[in-house]
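Reviewing the structure listed below.
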Amino acid sequence: MALRKILIHPDPRLKKAADPVSAVNDDIRRLADDMLETMYDAPGIGLAAPQVAMMHRMLVMDCTKEDDATPAPMVLINPQITWSSEERSVYDEGCLSIPEQYAEVERPAEVEVEWMGLDGQTTRERFDGLWATCVQHEIDHLDGKLFIDYLKPLKRQMITRKMQKLKREMARG
Ligand code: K1U
Ligand code: ZN
């Protein structure tokens, strides 16, 4: 297993739609392991393949809350939202590609998602609470969409400028 570098916004790869995964092979299994390690290390509750510069429709997540809770890592390949609730919920979202910036985003409170697992089997499950928010945030990444795209243009520009400054500082070392 290895830690992968997380892309920081703005980056053209974070604005591009990812490609479907045609088959689960050793490269995909290794990527899943690396993404989980990278997510736990960050730390984060989710990570999508484009955030580590891999343009595959694949995400990992683990929204277990308590520090001492048993980890519940999930790997979703080619995930699709098959149903969304009318009811909405608002969550103060963050993003590992937009460090230290948070904003309230409104999304469906519950979603049903269908995906392929690492065993090649199709699974369908309903998510609510933080799991629902997270899976929608991660599927957005697979479509080249960031949580700041839901914000008013001025707020989005402000965050983007902060990230440009951060990237300049990181490049200087
Ligand atoms: O996709 C990502 O960038 C990961 C992101 C997922 C996410 C967070 C909040 C709402 C929706 C989706 C993160 O994990 S940001 C870090 C974070 O939220 C967190 C970190 C440590 C403990 C608990 C939460
Ligand atoms: Zn994100």
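The figures follow:
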quantity: Residue check for Val113: in contact with a Leu (Cβ under 8 Å, 6 or more places away or on another chain), outside any loop (DSSP other than H, G, I, E, B), away from ligand 2 (no atom under 13 Å from the Cβ) and within 22 Å of Ala2 (Cα to Cα); calculated: no
quantity: Residue within region 58-68 that is surrounded by 18 or more Cβ atoms within 10 Å (Cβ to Cβ), modelled with pLDDT of 95 or more, among the β-branched types (Val, Ile, Thr) and within 27 Å of Met170 (Cα to Cα) present; calculated: yes
quantity: Qualifying positions in region 11-33 - surrounded by 19 or more Cβ atoms within 10 Å (Cβ to Cβ) and without any contact (Cβ under 8 Å) to a residue 40 or more places away in the chain; calculated: Leu31
quantity: Yes/no for Ala17 being more than 24 Å from Gln157 (Cα to Cα) and in a loop (DSSP other than H, G, I, E, B); calculated: no
quantity: Counted residues, region 129-153 - those being among the charged types (D, E, K, R) and either closer than 15 Å to Met74 by Cα or part of a helix (DSSP H, G or I) (or both); calculated: 3
quantity: Test: residue in region 129-152 that is more than 14 Å from ligand 2 (Cβ to nearest atom), under 21 Å from Glu86 (Cα atoms) and surrounded by fewer than 16 Cβ atoms within 10 Å (Cβ to Cβ); calculated: yes
quantity: Residues of region 36-92 that turn out to be small (Gly, Ala, Ser), near ligand 1 (Cβ under 10 Å from one of its atoms) and without any contact (Cβ under 8 Å) to a residue 40 or more places away in the chain, as a count; calculated: 0
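The values are calculated or read from the model by the stated rules, or taken from the named source; none is laboratory data. All values reported here derive from a predicted model rather than from experimental measurement. Reconstructed Cβ throughout: ideal geometry from the backbone, glycine too, with neighbour counts over all protein chains shown.
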